[in-house]
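All of the numbers you see were taken from the coordinates with simple rules; none came from a lab. Quantities reported herein were computed from a predicted structural model and do not represent experimental measurements. Positions of Cβ are backbone-derived with ideal geometry, glycine not excepted, and every protein chain shown enters the neighbour counts.
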Amino acid sequence: MSEPDDKVRRVVAGAVQRHAGENGPLLEILHAVQNELGCVPGEAIAPLADALNLSRAEVHGVVSFYHHFRAAAPGRYVVQLCRAEACQSMNAQATETRARELLGVDMGSTTADGRVTLEAVYCLGNCACAPSIMVNGELHGRVTPERFAELAAEWGQRS
């Protein structure tokens, strides 16, 4: 893990300060860091561990356990495809296959141009309109492979 730059150091210090005095504030601090930086970079681990009197392994273990936390900043568009049962029963796999083909990335990856990050999630709470995806917080239901291609065209991805 490399040394944190000034921005990372400042964001971590601010998040730690805002949650000082709370019991077990690590998750809240990690959310705050990711909200400000777009990710929890590896260089944030050491100052977090020092501030919370934890080992670097403990902090890294929490960051790597939860899929929500990213080690690198996401693309301009974060596309989350639901893999829960309702979506799977409505052929979400076909949409996921089309998404991978169209974007040229696997789940958990960002396109080479940095435009789109493709992520798996396990229930978006839109089961009645499965299969569902979320794009930058906007929910889309009944997303077929064709509909995914239409949405991708809106993000500047060719179909």
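Side notes on the structure shown:
- Length gained on full extension, T144 to K7, computed as 0.36 nm times the residue gap minus the Cα-Cα distance: 45.2 nm.
- Relative to the longest principal axis of the Cα atoms of the chain, helix 6-18 runs at roughly 80 degrees.
- For region 4-159, a crude dipole built from +1 on the beta carbon of Lys and Arg and -1 on the beta carbon of Asp and Glu, taken about the Cα centre, is about 160 debye to the nearest 20.
- On Cα atoms only, tilt of 56-65 relative to the major axis of the chain in degrees: 20 degrees
- Potential lengthening between A20 and Q88 on full extension [0.36 nm per residue; Cα-Cα distance subtracted]: 20.3 nm
- Of all beta bridges that DSSP places with both ends in region 23-142, some 55 percent have antiparallel geometry.
- Long-range HN-HN contacts of V78 with modeled amide H, under 5 Å: T117, N136
- Scoring 36-46, 69-79 by mean Cβ neighbours within 10 Å over their residues and listing the highest first yields 36-46, 69-79.
- A prolate overall shape is assigned to the chain, the ratio a/c of its alpha-carbon gyration tensor axes (a ≥ b ≥ c) being 1.5 or greater and a/b exceeding b/c.
- If the chain linking E101 and A153 were pulled fully straight, counting 0.36 nm for each residue of separation and taking away their Cα-Cα distance, it would gain 17.4 nm.
- Degrees between helix 145-154 axis and first principal axis of the chain (Cα, 0 to 90, nearest 10): 60 degrees
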